[in-house]
Amino acid sequence: MTRRATLAALTSALLITGVDTAAAGGIGSTGSRDVKASGDASGRLLQSRITFNVKGPAPSNDGGPITSNAVDWEPPACWYEPYWKAKDFKTYTEANWSIYESVGGAPEGIADDKARYKGGHPYKDFNVGKNDEGMWWVAVTNPKMKDDPAASDCKREPFWVDNGDNPGVPQAIDTETLAGLAHQRTVVPPTEVSLAPDGKSTVNAPTWVWLDKGSFKPVSVTASLPGTGLWATTTAKPVSLHIDPGTQDAESLPASGECVINDDGSIGEPYARGKAELTPPCGVRYLRSSGDGTYALKATLTWEITWEGAGGTGGDLPDGTFATTIEMPVQEIQSVNR
């Protein structure tokens, strides 16, 4: 018997029964958005049962997912999760065997599966006698990382785990896994900074850059696996703004380009009349005209991410960033804002 033959049979079955691997969900009126993860299990065929609830500003076309700052961390590419009650797994699998046989599949094509799940090697009749005492676990691929080499690391066939037992396999679903998946689905609003002067800058004159208090609200994502009590919530909060002038012919203010968040939640300082001769705590000074073009000023907001989960678990996750680019014309004429 070959695993390829069985996989072909299951694929045919899914085309007939209409198992959907696309994401589903909608936006509610409370500011929370429930999203069901699309995932692949047991040969990239089943949809993960993990759900996601997002709380924070409504997403916009200019916002987007954050980028992790860590080079040695990434969300899980695959995992194992409890999926079937014994009777449900039996119904599902025997239906697929029937379809395989009805289209002319040879008996030896599914002989190993029948022996494994039904014939007592090692499971007898799909464990239906223990229907309420455990679950069949399956391998699930992260749909956002299906082309990642690590997505193929979860190779185990569906296996049985009694209620309360440790699955005893690496990559079994837990709160840390859920936190990593929630991190990957954190979507933040665009980094809309205020500038003075607004719309253009002048050579050797500072451009003030700031974010008002309350411009950005924390974004939380809760990932949970229904029926297991497993959940994890990540919370992203803005902590600093990095300014890249877009040219070497400029000075960042401060020199590092890193503008830290103030005690009141703002970043930088708003420009006001009478400050034209002062150096802003956050900004840029261009030293050369952009001519007929512009400089691509990039404002990158760093979001600090923490998580908490079931059973008192929790901790820190890698910071994330989201950048917005502003096309900045710079003129030679000296003008003073007062």
Where a residue in region 43-72 is under 24 Å from Ser224 (Cβ atoms) and open to solvent by less than 50 Å² (accessible area, probe 1.4 Å) and its partner, wherever it lies, is modelled with pLDDT under 85 and of a type in the set (D, E, K, R), with Cβ under 6 Å and at least six apart:
Thr51/Lys36; Asn53/Asp34; Val54/Arg33; Gly56/Lys217; Pro57/Lys217
Check on Trp307, in contact (Cβ under 8 Å) with a residue 40 or more places away in the chain, out of contact with any Phe, Trp or Tyr (no Cβ under 8 Å at 6 or more places or on another chain) and aromatic (Phe, Trp, Tyr)
yes
Say we look at region 315-338 and pick out the residues that are at pLDDT 90 or above and open to solvent by 80 Å² or more (accessible area, probe 1.4 Å); which of these is farthest from Tyr286 (Cα to Cα)?
Asp316
State yes or no: is Ala70 assigned to a helix (DSSP H, G or I) and either touching a His at 6+ places or on another chain (Cβ under 9 Å) or of a type in the set (A, V, I, L, M, F, W, C) (or both)?
no
If you take the residues in region 133-148 that are surrounded by 18 or more Cβ atoms within 10 Å (Cβ to Cβ) and aliphatic (A, V, I, L, M), which one is nearest to the chain's Cα centre (by Cα)?
Val140
Could you check how many residues of region 216-232 are surrounded by fewer than 18 Cβ atoms within 10 Å (Cβ to Cβ), small (Gly, Ala, Ser) and in contact with a Ser or Thr (Cβ under 8 Å, 6 or more places away or on another chain)?
0
Residues located in region 190-209, provided they are open to solvent by 30 Å² or more (accessible area, probe 1.4 Å) and on the phi < 0 side of the Ramachandran plot
Glu192, Ser194, Pro197, Asp198, Lys200
Region 93-128, subset in a loop (DSSP other than H, G, I, E, B) and over 16 Å from Glu157 (Cα atoms), residue most open to solvent (accessible area, probe 1.4 Å)
Val103
Evaluation of Asp244 against (1) over 20 Å from Pro189 (Cβ atoms); (2) acidic (Asp, Glu); (3) without any contact (Cβ under 8 Å) to a residue 60 or more places away in the chain (one fails), failing number
(1)
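Yes/no per residue for (1) open to solvent by 30 Å² or more (accessible area, probe 1.4 Å); (2) modelled with pLDDT of 95 or more:
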position	(1), (2)
Ser252	no, yes
Glu258	yes, yes
Asp263	yes, no
Gly268	no, no
Ala272	yes, no
Ala276	no, no
Thr294	yes, yes
Scan region 296-312 residue by residue and report those that are of a type outside the set (A, V, I, L, M, F, W, C) and either on the phi > 0 side of the Ramachandran plot or open to solvent by less than 50 Å² (accessible area, probe 1.4 Å) (or both).
Thr300, Thr302, Gly309, Gly311, Gly312
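The values are calculated or read from the model by the stated rules, or taken from the named source; none is laboratory data. As the structure is a computational prediction, the values presented were derived from the model and not from experiment. So basically every Cβ, Gly included, is an ideal-geometry build from the backbone, and we count neighbours across all protein chains shown. Ligands, DNA and RNA are excluded from the accessible area calculation, which covers all protein heavy atoms including side chains. Shrake-Rupley method; radii C 1.70, N 1.55, O 1.52, S 1.80 Å.
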